[in-house]
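What follows is a single structure, written as structure tokens, with notes after it.
The values are calculated or read from the model by the stated rules, or taken from the named source; none is laboratory data. Please read these numbers as outputs of a predicted model, since none were measured by experiment. Every residue, glycine among them, receives a Cβ derived from its backbone with ideal geometry; neighbour counts consider all protein chains shown.
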């Protein structure tokens, strides 16, 4: 099996980092041996040149790994690969941060943010966050992030078979992982663009737990991960440069969601950002088993695109 030296993801401490340091971290990831070997296996070559040009090439090239074609992740159809390619993908993905990111760098965070998804995903991530807090990590507050996107499931747990939104599913998952110790307060409203939102907060043993059903920031599109982070900052948290945030997700998504968090929260608020994710192959609360090798390739494409967005933001700041 191939082995590659690990490549650290961009580091963003409380108070922020210099644009030069952040750009260097991105350059090291783009120029890594793991990424070069993987691109070569699929018929490409990472070009020489500046980081921006390399990212542009990789963004275009990574269409070869795209199994979604504009659809939801649940609609993706992943191709099968031979065993040498499968081993190479897993080794490269591990080196690039798509695995092995289960333990946070610090023992205390001012905010723990559980990133949203479908009901099974939200439940597993909430359970993983609860396990981290039970295992020695401390925090001042927990938040589950979701949207008003309808989920393709119904639940009798609410008293009848009703349509659930991502926010509803996250609330149920949060309440299971962090049982309420009192009443839930509700705030809700509508944006100027006509999009609804709500925030539901209740007390728990670990502190206040809030769940956000975020509005989209662009018309005609559902709220994405970055939108839910923005909604949390606007409606719940508004972090300061002295605070540290821990994002909790699934290991595959750590690099792209970490980059999105730096773009969305780190740059404007200067708060510290760390990101961890449970391992689909070993986490007992994940019923679907190990991720398909095609999922690693898909989320490597997501990481490239998010790092390109972050790098472009740095160039605008520096100019």
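Under the condition of being surrounded by fewer than 18 Cβ atoms within 10 Å (Cβ to Cβ) and touching a residue at least 40 places away in the same chain (Cβ under 8 Å), the residues counted in region 102-117 number 5. Filtering 228, 249, 217 for residues that are at negative phi, in the same structural domain as residue 276 (by TED's automatic domain parsing) and out of contact with any helix residue (DSSP H, G or I) (no Cβ under 7 Å at 6 or more places or on another chain) leaves a single hit, 228. Might you check whether a residue that is surrounded by 15 or more Cβ atoms within 10 Å (Cβ to Cβ), in contact with a strand residue (DSSP E or B) (Cβ under 8 Å, 6 or more places away or on another chain), at pLDDT 90 or above and farther than 22 Å from residue 119 by Cβ occurs anywhere in region 213-222? No - not one qualifying residue is present in region 213-222.
Has region 306-317 got any residue that is outside any loop (DSSP other than H, G, I, E, B), crowded, with 21+ Cβ neighbours inside 10 Å and not assigned by TED's automatic domain parsing to the domain that holds residue 39? The answer is no, given that none of the residues of region 306-317 is outside any loop (DSSP other than H, G, I, E, B), crowded, with 21+ Cβ neighbours inside 10 Å and not assigned by TED's automatic domain parsing to the domain that holds residue 39.
Which residues, counting only those in region 202-214, are in contact (Cβ under 8 Å) with a residue 24 or more places away in the chain and either on the phi < 0 side of the Ramachandran plot or assigned to a loop (DSSP other than H, G, I, E, B) (or both)? Residues satisfying the conditions are 202, 204, 205, 206, 208, 209, 210, 211, 212, 213, 214.
Give region 191-203 a look and list any residue that's more than 17 Å from residue 232 (Cβ to Cβ) and at pLDDT 95 or above, or say none. Break it down into steps so the answer makes sense when it comes.
Here is the first cut: in region 191-203, the ones more than 17 Å from residue 232 (Cβ to Cβ) are 192-194, 203.
Matches in region 191-203: 203 only.
Only one entry in 304, 273 is touching a residue at least 40 places away in the same chain (Cβ under 8 Å), under 18 Å from the mean Cα position of the chain (by Cα) and more than 24 Å from residue 197 (Cβ to Cβ), namely 304.
In this structure, residue 64 does not qualify as in contact with a helix residue (DSSP H, G or I) (Cβ under 6 Å, 6 or more places away or on another chain) and either without any contact (Cβ under 8 Å) to a residue 12 or more places away in the chain or over 30 Å from residue 108 (Cβ atoms) (or both).
Entry remark, region 284-300: residues being surrounded by fewer than 21 Cβ atoms within 10 Å (Cβ to Cβ) and touching a strand residue (DSSP E or B) at 6+ places or on another chain (Cβ under 9 Å) number 1 in total. Against the definition (in the same structural domain as residue 124 (by TED's automatic domain parsing), assigned to a helix (DSSP H, G or I) and crowded, with 24+ Cβ neighbours inside 10 Å), how does residue 303 come out, yes or no? Here the answer is no, as residue 303 does not meet what is asked.
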